[in-house]
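The values are calculated or read from the model by the stated rules, or taken from the named source; none is laboratory data. A quick note: this is a predicted structure, and the numbers were derived from the prediction, not measured. Every residue, glycine among them, receives a Cβ derived from its backbone with ideal geometry; neighbour counts consider all protein chains shown. In case anyone asks, the SASA skips ligands and DNA or RNA and just uses the protein heavy atoms, side chains included. Shrake-Rupley method; radii C 1.70, N 1.55, O 1.52, S 1.80 Å.
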Amino acid sequence: MQDRLQLYPKQDSTPPQPTADARPGYADLQQAAEWFAVLRADDAAETDRSRWRQWLDADERHRAAWSRVEAVNAEFGVMPQVVGHRVLARNGQHRRKAIKTLAWLAAGVTVAGSVGSSREVRGYFAALTAQYRTEVGETRRQQLADGSLLWLNTASAADADYSDVLRRIALHRGEIMIQTAHDKRDPARPLVVDVPAGRMQALGTRFLVRLEERATVLTVLEGKVMISPSGKAAPLMLPAGSRVRFDADAMGTPTPADESMAAWSRNLLMPDGMRLDDFLAELGRYRRGHLGCAPEVAALPLVGVYPINDTDRVLAALEASLPVKVRRILPWWVTVEAKDPPPGKPG
């Protein structure tokens with residue numbers, strides 16, 4: 001695309017956009033990635049572009065798949081990576097000026113309406129300037145002012161704000177694990193974690209908080225945590241060995257949790273009977289680009305211990321232990337497929 005593969009005439013250079021409810025399937029996404037590879041090749045011909053336009057216009061799901069491929073490609077040049085490392089890492093006046101610039105940009109994006117709701121925009125830029133941050137594939141351990149320990153998972157951002165009356169952690173993006181320390185202040189200050197969906201108060205505990213697209217997931221490994229949603233959902237006291245998904249207005253049903261869910265804090269993934277598609281979705285959080293799974297191998301069960309700091313090594317291990325192969329259409333578009341495709345399907 002060079003950046004956007006200008007294949008339409010200049011007066012209409014942006015491909016038609018899909019409707020909001022268009023959901024591409026696995027085959028649609030694979031075809032879109034293959035078209036992207038064809039059109040970026042040096043020998044791409046006008047006939048290729050014409051066939052691509054016919055494919056794109058034939059189905060809403062094709063347009064949705066193409067938009068997804070474009071979005072993944074754009075991940076390699078997005079502002080957070082550039083600003084977060086080259087600008088926000090500076091100290092003093094330069095950093096303050098950069099933060100003011102980001103605030104101005106946030107206001108502009110909100111007015112333009114190009115990045116969701118104003119809350120999403122605020123969270124987006126809060127993550128860029130957060131006190132504690134990790135990039136994709138990185139984890140971090142941090143000791144807080146009261147002796148509590150904070151772990152950040154891949155692509156995560158959080159702030160810690162300790163006052164005379166409250167120990168507050170704000171999670172802006174990704175996932176954290178907290179091991180609380182006894183507060184030496186008298187009276188002891190509560191330790192809370194704030195997310196858009198509400199507040200969680202730790203009661204002598206070790207727990208994980210993860211932000212998903214439309215929900216927050218709390219996992220309690222030790223002690224207990226009180227959830228106070230910001231909307232209509234009723235509060236819940238979650239005990240050790242439990243996990244629950246909730247948003248501001250709805251509380252899910254708690255399910256069992258175990259130590260394997262915190263293995264990422266030791267740079268490991270430890271599936272125990274996990275479906276392959278679920279495992280790849282989790283592994284994909286630790287690498288840039290798209291990591292997909294073909295439907296015919298999605299339900300394969302997986303058991304083992306895998307290092308998250310070398311995802312290509314993990315993929316090679318899957319090829320060696322399961323009847324699957326890894327297919328790389330583009331450097332950033334990787335899928336796991338059946339080693340021997342079903343009858344009637346090309347290999």
**OP:** Scan THR335, THR255 and give me the residue that is open to solvent by less than 30 Å² (accessible area, probe 1.4 Å) and at pLDDT 95 or above.
**Re:** THR335
**OP:** Can you tell me which residue among ALA112, ALA74, ALA103 is among the small types (Gly, Ala, Ser), at pLDDT 60 or above and not assigned by the TED database to the domain that holds VAL314?
**Re:** ALA74
Original post:
Cβ-Cβ below 6 Å, separation at least six or inter-chain, first residue in the stretch 312-324 and open to solvent by 10 Å² or more (accessible area, probe 1.4 Å), second among the small types (Gly, Ala, Ser): which pairs?
Top reply: none
**OP:** Give me a count of the residues in the stretch 149-187 that are in contact with a strand residue (DSSP E or B) (Cβ under 6 Å, 6 or more places away or on another chain) and either outside any strand (DSSP E or B) or among the aromatic types (Phe, Trp, Tyr) (or both).
**Re:** 4
**OP:** Could you check how many residues of the stretch 150-162 are more than 18 Å from LEU203 (Cα to Cα), open to solvent by 10 Å² or more (accessible area, probe 1.4 Å) and of a type in the set (Gly, Ala, Ser)?
**Re:** 1
Subject >> Subset of the stretch 204-221 (residues that are crowded, with 16+ Cβ neighbours inside 10 Å and under 14 Å from LEU238 (Cα atoms)) >> reply: THR205, ARG206, PHE207, LEU208, VAL209, THR216, VAL217, LEU218, THR219, VAL220, LEU221
Original post:
Do you know which residues across the stretch 140-173 are closer than 12 Å to ALA130 by Cβ and touching a residue at least 40 places away in the same chain (Cβ under 8 Å)?
Top reply: ALA155, ALA170, LEU171, HIS172, ARG173
Original post:
For the stretch 222-232, what are the residues that are in contact with a Phe, Trp or Tyr (Cβ under 8 Å, 6 or more places away or on another chain), open to solvent by 10 Å² or more (accessible area, probe 1.4 Å) and on the phi < 0 side of the Ramachandran plot?
Top reply: GLU222, PRO229
Original post:
Would a scan of the stretch 290-299 turn up a residue that is surrounded by 19 or more Cβ atoms within 10 Å (Cβ to Cβ), closer than 25 Å to GLU222 by Cα and over 18 Å from the mean Cα position of the chain (by Cα)?
Top reply: no
Original post:
Does TRP264 qualify as being open to solvent by less than 80 Å² (accessible area, probe 1.4 Å) and touching a His at 6+ places or on another chain (Cβ under 7 Å)?
Top reply: no
**OP:** Give me the pairs, please: first residue somewhere in the stretch 25-37 and free of Cβ contacts under 8 Å to residues at least 40 places away in the same chain, second residue anywhere and of a type in the set (Gly, Ala, Ser), beta-carbon distance under 8 Å, and either six or more positions apart or on two chains.
**Re:** ASP28/ALA64; ASP28/ALA65; GLN31/ALA65; ALA32/ALA65
Original post:
Within the stretch 251-269, can one find any residue that is of a type in the set (Lys, Arg) and over 14 Å from MET177 (Cα atoms)?
Top reply: no
